[in-house]
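Report on the following structure.
Please treat every number below as a calculation from the coordinates, not as lab data. In this text the structure is predicted, and so the values were computed from the model without any measurement. Note: ideal-geometry Cβ built from the backbone for every residue, glycine included; neighbour counts use all protein chains shown.
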């Protein structure tokens, strides 16, 4: 046995009295003598029978001996129950003794008489036997209980025998096979009386067995219900305790967090206050020092510096006035010369910028529209393929499930029918061989049985039809649910695609509007047009949104401007939209 299981059994058996331990050992002896299978039902029945013999109710809530003996026997089946029982008693330092002094004396005499038979064994003499050895005491107790069990069985048979002998007479009609003579036998009345006695004895035995079985089952049910109630109360208590602990932890957490936050705020305020006070003291000390030591010296130096600065400022102002007059005069002359050409270059530049923007916007819309249509066609094709694949899979799955259900129902029906035919043939053959169906005494029960059998067949057919109808309704409901989920998924996907396309178009419009505003603001800032043609081309290329390889002179050619002027109004309306 495992150590932890052995420790649990030892701790539990230490709380039992000597009477309870004796009752457990008698249960082991009963199972061994009756050669019963070691399962829970047989163990419970044997234990309850031993308890009833002692006048003790073994199915009480405070009695855990039955559960203990079941756990001991059913655990580690490869170990004999007696070995496990004595191992637990030895581990718990418990001696299995009996109160029957006469049996002790008899057992001592038997052990003394049998000592001569064991002298031949090597190292086994009467002097080497320790009467206080636990194994010796357990062996003595085993013999005592075995003798008691045999005496109890003999007493039961003795009690039952007079009742049976009172109803049984000496048989008559014995055949003397040596002489060939036959005496007079029983008459019909005596045979009927004997049959009645036998039926009464059989009924009483069946009732006793049924009552015993009912008591055992009731005791087991009560034990299970008690355990379930105890387990439920334990779980409820654990849940309530866990919730209370969590609530208390949350309250404590809030209190600790508030206390820590207040402590941190107070420490920060104190630290900042100390720093401000220290800085104020240092500032006061420095101010007093400089005010008391360098006042007059600083005033004299400042007066001299102020006089020198005034002289330098006057000279700088005169020089600056002369420089600015010359500079702005030359700038004014250049500006007057450039102003004459500014209007022509400005109009050409604005026309070129507007046409370039319109071309770029038109190309972008055309490209986006073509890509959108291609993606839409691809998505439609993929959706069609997915719908076909899903429909085919659903149809195959439905056919496979229906075929499997029909095949299973057919096989079950055929198996049931075949088994019924075998049972009917066996039953008819048995009746014919044992009793005969031609006797008027058995004809009426046979007809009643056939009528009951037909009624049972009709009831089974109704149950099968009801089961098939429930299955079909469940399949129909599942199919409708899957169809509804597919429709919802399609609507959600279409809505998501529409929202995504709308978002892309809105972002494109916002980006185009921002770019147009930035270009107009830059044009307003760049009012001056370069004087040389090369500089003007460089400025146009830098400010243009067309690719870098587009030649600037081609954009300013007369043919290009005249060609684009025809669709001027239409392009602007498209761009604004």
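List 427, 345 from most exposed to least, where exposure is judged by having the fewest other Cβ atoms within 10 Å.
427, 345
I'd like the distance between the alpha-carbon centres of region 467-515 and region 4-29, rounded to an integer number of Å.
Taking the Cα centre of region 4-29 as reference, the centre of region 467-515 is 69 Å away.
Based on other C-beta atoms within 10 Å, arrange 73, 331 from fewest to most.
331, 73
Kindly list the residues of region 458-489 that lie in the label zone of residue 423, defined by a backbone N under 19 Å from the point 7 Å along the Cα-to-C-beta vector.
Residues 458-465 fall inside that zone.
Set the Förster radius R0 to 60 Å, insert the Cβ-Cβ distance between residue 147 and residue 403 as r into 1/(1 + (r/R0)^6), and round the FRET efficiency to 0.05.
That pair, residue 147 with residue 403, gives E of 0.30.
Would you mind classifying region 241-321 by shape? Square roots of the alpha carbon gyration tensor eigenvalues, ordered a ≥ b ≥ c; an a/c under 1.5 is rounded, otherwise it is prolate if a/b is larger than b/c and oblate if not.
Note, shape of region 241-321 comes out oblate.
What's the FRET efficiency of residue 192 with residue 449 using the Cβ-Cβ distance as r and R₀ = 25 Å, to the nearest 0.05?
0.50
For the pair residue 462 and residue 283, how long in nm is the line joining their label points, each one 7 Å along Cα→Cβ?
10.3 nm
On a full-extension model of 0.36 nm per residue, what is the gain between residue 305 and residue 487, subtracting their alpha-carbon distance, rounded to one decimal in nm?
In short, 56.5 nm is gained.
Can you sort 78, 32, 297 from fewest to most other Cβ atoms within 10 Å of each residue's own Cβ?
In order of increasing Cβ crowding within 10 Å: 78, 297, 32.
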